[in-house]
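The values are calculated or read from the model by the stated rules, or taken from the named source; none is laboratory data. These numbers come from a predicted model, not from an experiment. Every residue, glycine as well, gets a Cβ built from its backbone with ideal geometry; the counts of neighbours run over all protein chains shown. For the accessible areas, the whole protein counts, side chains as well, though only heavy atoms, and no ligand, DNA or RNA atoms are used. Shrake-Rupley method; radii C 1.70, N 1.55, O 1.52, S 1.80 Å.
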Amino acid sequence: MLRKVVFYTRISITMIAPFILFLMPSNYFDKGESVCLFKTLANIDCYGCGMTKATMHFLHFEFQEAWGFNKLSFIVVPLLFPLWLKSFYEVRGKSLPGILGKLT
C-alpha cells in the first residue's frame, strides 16, 4: 500500500511540475542568494550553478537568458522530456516504446 502511495505521489509530481513551473514567471528564481556550497565557500561556479534559473528561462522559451545562466541547460532540459513522458506511460502500466523505453 505504501509503495503505491509513493509511486503515485512521485508520478503526480513529475507530471504536474513542468506545468506549474511554466505558470510561474520566468524570473521567479533569479533573485536571492546561491545555495551552492562551491559558490558559498570557495566563490567558484560549479557546473550546476544557475541550472534552475536556466531551466526556468528555457521552459519560457527565453533561450538567451538560459544560455547566460548555464550553457548545460541546453543538454539537460531536453533530456528531462523523455523522463516526463515516461511518467505518463508508467501511470498506464506500460513502458515507453522503442529506444526511449530501453534508455529510461
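On the given criteria, is Leu59 within 18 Å of Met15 (Cβ to Cβ) and at pLDDT 90 or above?
Yes.
Of (1) touching a Gly at 6+ places or on another chain (Cβ under 8 Å); (2) of a type in the set (Phe, Trp, Tyr); (3) under 26 Å from Tyr8 (Cβ atoms), Phe88 satisfies all except one. Which?
Failed condition: (1).
In segment 69-80, how many are in contact with a Phe, Trp or Tyr (Cβ under 9 Å, 6 or more places away or on another chain), of a type outside the set (A, V, I, L, M) and part of a loop (DSSP other than H, G, I, E, B)?
1
Given Ala66, Ala17, Ala54, which one is touching an Asp or Glu at 6+ places or on another chain (Cβ under 9 Å), open to solvent by less than 90 Å² (accessible area, probe 1.4 Å) and assigned to a helix (DSSP H, G or I)?
The unique qualifying residue is Ala54.
Let me spell it out: the conditions are (1) open to solvent by 60 Å² or more (accessible area, probe 1.4 Å); (2) at pLDDT below 80; (3) of a type in the set (A, V, I, L, M), and Leu96 meets all of them except one. Which number is the exception?
For Leu96, the exception is condition (1).
Go through (1) surrounded by 14 or more Cβ atoms within 10 Å (Cβ to Cβ); (2) in a loop (DSSP other than H, G, I, E, B) one by one and return the number of the condition Pro25 breaks.
Unmet condition: (1).
Can you name every residue in segment 73-89 that is open to solvent by 60 Å² or more (accessible area, probe 1.4 Å) and in contact with a Leu (Cβ under 7 Å, 6 or more places away or on another chain)?
Matches in segment 73-89: Tyr89 only.
Taking the stated definitions as given, is Phe38 open to solvent by 70 Å² or more (accessible area, probe 1.4 Å), outside any helix (DSSP H, G or I) and modelled with pLDDT of 80 or more?
Spelling it out, it is not the case that Phe38 is open to solvent by 70 Å² or more (accessible area, probe 1.4 Å), outside any helix (DSSP H, G or I) and modelled with pLDDT of 80 or more.
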